[in-house]
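Notes follow once the structure below has been shown.
The values are calculated or read from the model by the stated rules, or taken from the named source; none is laboratory data. Since this is a predicted model, take the numbers as computed values, not measurements. All Cβ positions, even for glycine, are placed from backbone atoms using ideal geometry, and neighbour counts span all protein chains on display. SASA here: full protein model, heavy atoms, side chains in, ligands and nucleic acids out. Shrake-Rupley method; radii C 1.70, N 1.55, O 1.52, S 1.80 Å.
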Number of protein chains: 2
Amino acid sequence: MAKANPNYSLLQGSYLFAEIARRVKEFTEANPDAAKELIRLGIGDVTQPLAPAVVEAMHAAVDEMARAATFRGYGPDYGYDFLVNAIREFDYGTRGIDLAYDEVFISDGSKCDVGNFQELFSDDCVVAITDPVYPVYVDTNAMAGRAGRLNDSGMWDQLIYLPCHEENGFVPSLPAVPVDIIYLCYPNNPTGTTLTYEQLKVWVDYAKENDAVILYDAAYRAYITQPGIPRSIYEVEGADEVAVEFCSFSKTAGFTGTRCAYTVVPHKITVAGAQGERLELNALWKRRQSTKFNGVSYPVQRGATAIYTPEGQKQTETTVAYYMQNARVIGEGLRAQGLTVYGGVDAPYIWLKAPQGMDSWAFFDLLLNEARIVGTPGAGFGPSGEGYFRLTAFNTRENTLKATERFARIG
Amino acid sequence: MAKANPNYSLLQGSYLFAEIARRVKEFTEANPDAAKELIRLGIGDVTQPLAPAVVEAMHAAVDEMARAATFRGYGPDYGYDFLVNAIREFDYGTRGIDLAYDEVFISDGSKCDVGNFQELFSDDCVVAITDPVYPVYVDTNAMAGRAGRLNDSGMWDQLIYLPCHEENGFVPSLPAVPVDIIYLCYPNNPTGTTLTYEQLKVWVDYAKENDAVILYDAAYRAYITQPGIPRSIYEVEGADEVAVEFCSFSKTAGFTGTRCAYTVVPHKITVAGAQGERLELNALWKRRQSTKFNGVSYPVQRGATAIYTPEGQKQTETTVAYYMQNARVIGEGLRAQGLTVYGGVDAPYIWLKAPQGMDSWAFFDLLLNEARIVGTPGAGFGPSGEGYFRLTAFNTRENTLKATERFARIG
């Protein structure tokens with residue numbers, strides 16, 4: 001008798017976005033005219049087109065696929081050399097970080113990599129997550145049986161939660177019990193906050209002392225504007241012994257629909273084998289990827305490589321600046337209404353405190369009904385997100401300005 | 001202390017292709033001039049360019065990504081409606097198979113899907129594989145702890161092997177002990193053989209009687225030329241209650257480097273939950289994909305959809321016919337030398353018996369040294385592959401003909 005993975009039954013449905021869709025639908029049915037004015041600042045998806053340099057490179061690659069002499073079949077499982085080397089040179093070499101060729105793995109998305117990476121670890125590893133958090137870290141560990149059970153407060157009883165809120169300046173404290181795997185995402189989704197070099201070093205030192213591994217999600221690194229904020233965890237000394245870094249072209253270059261990302265797994269990181277021997281995580285990830293993955297589309301890898309040309313750099317920086325101007329507009333608009341706002345300086349996410357002790361969902365309803373704006377309730381990202389709310393800078397300037405004008409209705 | 005998944009240590013390295021590479025390298029170093037003439041009929045990768053209809057559709061989609069008004073961000077996790085509906089209509093509707101919209105899941109490759117699908121099952125499910133077999137079925141179950149340990153005969157002690165060889169006409173017998181998950185691949189990789197409707201029905205009936213699930217890999221279905229051979233397992237009555245079907249554009253339309261595939265998971269298939277309740281595999285796969293996958297590149301999905309246009313159909317059929325002519329050439333060439341040959345009629349793989357009781361690797365060396373041809377030793381696909389050898393029809397006509405002329409050297 002074929003039996004299901006029992007851990008899947010422990011998962012909740014995708015409550016957050018399903019509930020948002022339900023409330024928006026209800027609003028639309030009750031207010032068909034008002035619904036036409038709805039502005040969505042909820043989902044973290046981009047709106048600006050691919051950079052011309054990327055488009056040109058993709059066309060050229062499609063043409064190569066059209067001729068026998070230049071056609072490409074299976075590519076390397078871990079990515080083409082031209083893209084791997086561009087990443088090594090421009091994302092790391094320029095920051096004094098020297099990565100070996102086989103420490104960089106190209107994939108079709110950070111969600112996949114960050115979701116699959118936990119497979120490399122033993123089921124009894126103790127996992128720590130910041131709270132609020134990107135749900136993929138939680139759900140993929142729950143599917144593997146590492147999260148235990150979901151209790152009535154919406155917390156998994158075997159995960160270690162590291163609360164991030166106003167009171168601690170959104171800087172997680174070290175865990176009270178030893179943990180083996182730590183998920184960190186900076187610039188943070190959903191709070192839009194960052195860690196300084198010194199704050200990040202606390203975690204690298206902890207991981208080294210406790211033989212733990214940091215899974216560092218740097219998907220939003222392109223949005224950092226302030227000095228003193230590391231763009232890679234490898235800027236912190238010793239991080240190459242304990243940290244895996246997940247990067248993506250989704251937000252950097254508008255690749256959410258084009259699909260390309262990469263993961264850095266330094267050779268120096270080792271974990272304990274069953275006989276106490278030390279095993280390279282790099283070798284384990286190679287085995288995982290060569291067995292369950294077949295590389296990224298050739299035209300997509302050519303497109304991603306074009307991001308690193310001088311034109312590609314300039315064009316993608318312009319788009320990032322466009323979104324960051326949106327973030328400033330939203331932040332200023334909310335502050336003008338007396339609201340408390342975090343993030344939006346080094347990240348495309350604005351994390352606001354719901355006014356007058358309102359809970360996340362009450363504020364969602366207020367924003368929807370009064371301002372016709374759809375955002376994301378902070379409670380959807382974990383218990384410590386309650387009372388907060390996420391808005392994104394990814395809409396058009398026009399819609400962002402329009403949304404901002406409506407903030408007066410909720411001030 | 002972070003600990004590794006202990007199952008990874010049970011895996012062998014990628015012995016097969018590493019050993020092939022080692023022997024080819026040794027030959028090249030010893031015979032630099034002869035090495036220039038090497039013809040590779042080993043790996044199952046295509047050589048012919050993408051169909052013009054596909055190329056045109058991809059260019060148009062890249063142009064859409066270049067303009068804000070037509071730009072696409074995140075696509076649906078399970079694929080765009082235009083591709084899902086083309087598959088439903090042309091791959092199934094035309095054969096009288098009615099699939100619901102949400103029974104088709106688009107992905108970036110069958111290797112990924114077939115590798116990831118086992119996650120949905122409990123770790124204690126008993127897995128059966130045909131032998132010889134595509135190594136991904138074995139390795140992904142070994143990584144999940146379902147395969148047990150590899151013994152001295154190269155067999156995993158918890159897998160059920162279903163030998164396929166000359167004596168049984170490459171038709172696997174039903175297992176002697178009850179099994180829960182059965183991997184079948186037809187047309188078969190590596191043997192190039194097929195099952196008739198009646199032979200496949202035996203397995204569907206077995207699965208229904210034993211509450212088992214068939215994971216049916218149909219990656220080579222486009223190569224079927226003879227009537228009476230099912231192109232989809234759903235042509236067999238009742239299969240939609242027990243079988244998941246994995247299909248790919250890799251071999252159908254030369255997408256090995258472009259990356260697109262799909263998996264069919266009918267709602268009717270249920271497996272036992274922890275409390276004995278019945279759970280839809282469809283719902284479990286949806287949860288898996290929405291949590292760990294983010295959809296396929298938009299231009300790639302547009303390219304795949306163009307395969308279903310009249311021009312696309314004609315163009316891809318021409319390419320398949322080209323490869324199948326290669327298969328005939330190879331088969332005839334080998335038979336002319338008195339060799340026993342299987343496959344190559346409904347599949348791009350030729351499975352030959354090494355002459356005079358020679359083992360797979362001895363024949364590999366003979367072919368390399370005498371004919372300067374690189375193929376794949378059957379023993380690399382499992383114990384029942386010993387004494388056999390795989391050649392592929394995917395090289396150019398010119399190289400295929402040249403290779404065939406050299407068969408005289410080994411006759």
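Tabulated results
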item: Which listed residue, of A:354, A:336, A:304, A:321, is aliphatic (A, V, I, L, M), closer than 23 Å to residue A:92 by Cα and more than 14 Å from chain B (Cβ to nearest Cβ); result: A:321
item: Residue match in the range B:145-158 (condition: under 23 Å from residue B:238 (Cβ atoms) and either among the charged types (D, E, K, R) or open to solvent by less than 20 Å² (accessible area, probe 1.4 Å) (or both)); result: no
item: Members of the range B:142-190 found to be among the aromatic types (Phe, Trp, Tyr) and within 19 Å of the chain's Cα centre (by Cα), listed by number; result: B:161, B:170, B:183, B:186
item: Index of the failed condition, residue B:45 passing every other in (1) within 21 Å of the chain's Cα centre (by Cα); (2) crowded, with 20+ Cβ neighbours inside 10 Å; result: (2)
item: So residue B:11, is it in contact with a Lys or Arg (Cβ under 9 Å, 6 or more places away or on another chain), open to solvent by 20 Å² or more (accessible area, probe 1.4 Å), closer than 30 Å to residue A:286 by Cα and more than 10 Å from every other protein chain (Cβ to nearest Cβ); result: no
item: Filter result for residue B:407 (crowded, with 17+ Cβ neighbours inside 10 Å, of a type outside the set (S, T, N, Q) and in contact with a helix residue (DSSP H, G or I) (Cβ under 6 Å, 6 or more places away or on another chain)); result: yes
item: All positions within the range A:22-65 that are farther than 18 Å from residue A:402 by Cβ, in contact (Cβ under 8 Å) with a residue 40 or more places away in the chain and away from chain B (no Cβ under 14 Å); result: A:23
item: Residue match in the range A:350-372 (condition: under 30 Å from residue A:307 (Cα atoms) and modelled with pLDDT of 95 or more); result: yes
item: Subset of the range A:333-349 (residues that are part of a helix (DSSP H, G or I) and without any contact (Cβ under 8 Å) to a residue 40 or more places away in the chain); result: A:335
item: The range A:127-152: number of residues that are within 9 Å of another protein chain (Cβ to nearest Cβ) and β-branched (Val, Ile, Thr); result: 2
item: Check on residue A:88, within 8 Å of chain B (Cβ to nearest Cβ) and at pLDDT 95 or above; result: no
item: Selection from the range B:191-214 of residues that are open to solvent by less than 10 Å² (accessible area, probe 1.4 Å) and closer than 30 Å to residue B:354 by Cβ; result: B:191, B:192, B:195, B:200, B:203
item: Failed condition for residue B:268, given (1) without any contact (Cβ under 8 Å) to a residue 12 or more places away in the chain; (2) farther than 29 Å from residue A:258 by Cβ; (3) part of a loop (DSSP other than H, G, I, E, B); result: (1)
item: Every residue from the range A:97-120 that is within 20 Å of the chain's Cα centre (by Cα) and more than 7 Å from chain B (Cβ to nearest Cβ); result: A:104, A:105, A:106, A:107, A:110, A:113, A:114, A:117, A:118
item: Residue in the range B:264-281 that is more than 9 Å from chain A (Cβ to nearest Cβ) and in contact with a His (Cβ under 9 Å, 6 or more places away or on another chain) present; result: yes
item: Candidates A:304, A:274, A:283 - the one that is part of a helix (DSSP H, G or I) and either open to solvent by 40 Å² or more (accessible area, probe 1.4 Å) or basic (Lys, Arg) (or both); result: A:283
item: Residues located in the range B:192-232, provided they are over 22 Å from residue B:324 (Cα atoms) and either touching a residue at least 40 places away in the same chain (Cβ under 8 Å) or small (Gly, Ala, Ser) (or both); result: B:207, B:211, B:212, B:213, B:215
item: Unmet requirement for residue B:137, which otherwise passes all of (1) of a type in the set (Ser, Thr, Tyr); (2) open to solvent by 10 Å² or more (accessible area, probe 1.4 Å); (3) closer than 17 Å to residue A:2 by Cα; result: (2)
item: Identity of the residue in the range B:215-250, part of a strand (DSSP E or B) and among the charged types (D, E, K, R), that ends up surrounded by the most Cβ atoms within 10 Å (Cβ to Cβ); result: B:217
item: Lone unmet requirement of (1) in a helix (DSSP H, G or I); (2) more than 11 Å from every other protein chain (Cβ to nearest Cβ); (3) touching a residue at least 40 places away in the same chain (Cβ under 8 Å) for residue B:314; result: (3)
item: Those residues of the range A:66-84 which are open to solvent by 60 Å² or more (accessible area, probe 1.4 Å) and away from every other protein chain (no Cβ under 12 Å), in sequence order; result: A:78, A:81
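Every residue, every condition in (1) among the β-branched types (Val, Ile, Thr); (2) open to solvent by 50 Å² or more (accessible area, probe 1.4 Å); (3) within 29 Å of residue A:227 (Cβ to Cβ), yes or no:
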| residue | (1), (2), (3) |
| --- | --- |
| A:325 | no, yes, yes |
| A:328 | no, yes, yes |
| A:337 | no, yes, no |
| A:345 | yes, yes, yes |
| A:350 | yes, no, yes |
| A:364 | no, no, no |
| A:369 | no, yes, no |
| A:372 | no, yes, no |
| A:375 | no, no, no |
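Yes/no matrix, rows are residues, columns are (1) free of Cβ contacts under 8 Å to residues at least 24 places away in the same chain; (2) in a helix (DSSP H, G or I); (3) among the polar types (S, T, N, Q):
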| residue | (1), (2), (3) |
| --- | --- |
| A:351 | no, no, no |
| A:356 | yes, yes, yes |
| A:368 | no, yes, no |
| A:390 | no, no, no |
| A:394 | no, no, no |
| A:398 | yes, yes, no |
| A:401 | no, yes, no |
| A:404 | no, yes, yes |
